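Below is one structure, written out as structure tokens; the observations come after it.
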Amino acid sequence: MPSIIRVDGLVKEFRTAKRAPGLAGGLRTLFTRTQRVVRAVDGVSFEVAEGELIGYLGRNGAGKSTTVKLLTGILHPTDGHVEVAGLVPWKAREKNALNIGVVFGQRSQLWWDLPLIESFDLIAVMYRIDRERYRKNLDQFTELLDLGPFINTPVRQLSLGQRMRGDLAAALLYEPRILYLDEPTVGLDVVAKERIRTFIGESNRANGTTVVLTTHDMKDVERLCPRVILIEEGRVLFDGPVAALVARYAPTRVLVLELADGAATPDLPGTELVRREGARVWLRFDPAQMPVARLIADAYARYLVTDLAIEEPDLEQVVRQIFEERVEVSPKASRSI
Amino acid sequence: MSALPTYFKIASLASQVAYAYRFNVLLQLVGLLLQIFLLRAFWTAIYENRVSVDGVDLATLLTYLTVANLQLWIVFPEGGEILQRRVREGKVALDLARPVSLVGQLISQQVGFTAGLLPLLLAVTPLALVVGVLRPPDTLEAAAAYVVSLVFAYAVIVLIGLLLGMVSFWTMETTGMWAIYRFANLFFSGGLVPLWLFPEPLRTVAGLLPFQTQANIPVSIYIGRLTGVDMLRALLIQCVWIVLLALLVRFVWSKAIRRVVIQGG
């Protein structure tokens, strides 16, 4: 698959006026122009193949949204090169817009005061969808996202979940080749999240839409993204399959044992006791050093085991661990964005 | 590929939005009628023992003020306010991710909004006859020229609105600027006192500002105070402002687009 998105050495700096605290500081800001340069994106490079679905992850202020805005052409970069479907987004912003769909979880593109269907009608005209295709896509989305009950309701009266379904439909009605989703599930309940995820996955699978998804919800990533790009302080920390991320940052597993003799402290080679709760103990081990099967055999051979389980590290935990470690080692971590 | 159908559709949606706020709009219109009524009471008292001031009789003056205030209400820089709001809310990011120009989107929204308000204004106009004084245009020719001048006035205000709205790309604190604009526009357009009654340095200042294009020029044509060569000269002044402001909008927009910093990103 050829790359549909190419990002090379992308840098975006923001200049913000430095403001001293308090009223006096505020007044001084009026007359002096002390500026502070913040590098929100600091040399990011990656490529996305057509039809891929990638998770673009990072903490608040890590530079995720800035990258998405650079890819959509809304922001001009300080340095670096980007090509999206053969176009340089900020040089051909309006042309690029025909190829992309954008959903910002926090901001709706729908017309607030008018029934949902009016926003769809405008999109049909704006993106020059012919009547038949519009009809077909609208019917399909109405069914998949269950828009029927509220398609004629003014957007301001919709719940967050309904509005988000409307926004997703609006972004995909014209079958864009690339879909940028910036926290599409933020603030939604579990059922609404699941529905959105199913729809995103379906659009990617059935129509081959390339999806770039930024999110803080690791369930989104586990459900949808074979590949993730992790960024921190504007730089790429990791780019690869989720499994490789887990293997690299969380190579250990945990064996949970419940012993008939609650007081015994199990002593198994290649393990380390991490937690204990009554008769239950948690032992960390590295499956590369100590294969799971051997460990389990060992445990049964030495002790009277009443219950046994292997805990896989979940992505949430892994990502949290990566960021926490970064705080300790990075001297620049206190820098604000 | 033409963006015109998109602009028509945006204008049509904007007119529906105006209608969605019809009760608020009607309330505003009540305020407008009150303003016209107060101006009438005030100027009637000033005229008390005089037949005319500066060659203008009371009924003509009151017609000037009534027409001026009706049109100042409908000719409003909505586009600029929309832009300011979209920048503040960070939604301008979505507008910029569209395959049609943002300036085009704003202008069509403003035109649509005005079109949506127009029927409401026309419904109220007969009442303006009661609270104020509203005589028909001076001549048929004056009526035709008035319509042309009104279109020019509208173009000027759309452009001024865009300029004011674009200031939001540099600073979020634009409330004070809008307040100054509103007062300057009401006063220097002639909405409270006709420009010909301004004392001297002030009258020259008013003549150098774009606000005279908003009320004074079209309404002076309406009441027959500007005719012949003077009228053509006034229309030309409006055109000069349109060209100047359009160039300025182009220039400022080219700077603004490079400066875009989306709020809360």
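Points worth noting:
- Residue in the range A:140-162 that is among the charged types (D, E, K, R), closer than 19 Å to residue B:94 by Cα and surrounded by 14 or more Cβ atoms within 10 Å (Cβ to Cβ) present: no
- For the range B:179-190, the criterion of being more than 16 Å from the chain's Cα centre (by Cα) and assigned to a helix (DSSP H, G or I) is satisfied by no residue at all.
- Among (1) free of Cβ contacts under 8 Å to residues at least 24 places away in the same chain; (2) among the aliphatic types (A, V, I, L, M); (3) surrounded by 15 or more Cβ atoms within 10 Å (Cβ to Cβ), the one test that residue A:274 misses: (3)
- Lone unmet requirement of (1) assigned to a loop (DSSP other than H, G, I, E, B); (2) surrounded by fewer than 16 Cβ atoms within 10 Å (Cβ to Cβ) for residue A:132: (1)
- Considering residues of the range A:54-85 that are more than 25 Å from residue A:186 (Cβ to Cβ) and among the charged types (D, E, K, R) only, the residue farthest from the other protein chains (Cβ to nearest Cβ): A:83
- Some residue of the range A:195-218 being charged (D, E, K, R) and free of Cβ contacts under 8 Å to residues at least 12 places away in the same chain: yes
- Residue match in the range A:199-216 (condition: within 12 Å of chain B (Cβ to nearest Cβ) and either out of contact with any Gly (no Cβ under 9 Å at 6 or more places or on another chain) or surrounded by fewer than 21 Cβ atoms within 10 Å (Cβ to Cβ) (or both)): no
- Search result, residues across the range A:222-244 that are more than 13 Å from the chain's Cα centre (by Cα) and not in a strand (DSSP E or B): A:233, A:234, A:243, A:244
- Residues of the range A:138-163 satisfying the condition of being assigned to a helix (DSSP H, G or I), within 19 Å of residue A:187 (Cα to Cα), away from every other protein chain (no Cβ under 14 Å) and not small (Gly, Ala, Ser): A:160, A:162
- Residues being surrounded by fewer than 20 Cβ atoms within 10 Å (Cβ to Cβ) and either among the hydrophobic types (A, V, I, L, M, F, W, C) or modelled with pLDDT under 90 (or both) - total across the range B:47-69: 13
- Residue in the range B:194-209 that is of a type in the set (Gly, Ala, Ser), free of Cβ contacts under 8 Å to residues at least 40 places away in the same chain, more than 30 Å from residue A:104 (Cα to Cα) and out of contact with any Phe, Trp or Tyr (no Cβ under 7 Å at 6 or more places or on another chain) present: yes
- Of all the residues in the range A:86-118, those that are more than 7 Å from chain B (Cβ to nearest Cβ), in a loop (DSSP other than H, G, I, E, B) and either over 20 Å from residue A:210 (Cβ atoms) or polar (S, T, N, Q) (or both) number 6.
- Every residue from the range A:57-76 that is crowded, with 23+ Cβ neighbours inside 10 Å and farther than 28 Å from residue B:100 by Cα: A:57, A:58, A:62
The values are calculated or read from the model by the stated rules, or taken from the named source; none is laboratory data. Bear in mind that the values here come from a model prediction, so they are computed numbers and not experimental data. Using ideal geometry, Cβ is built from the backbone for each residue, glycine included, and neighbour counts are taken over all protein chains shown.
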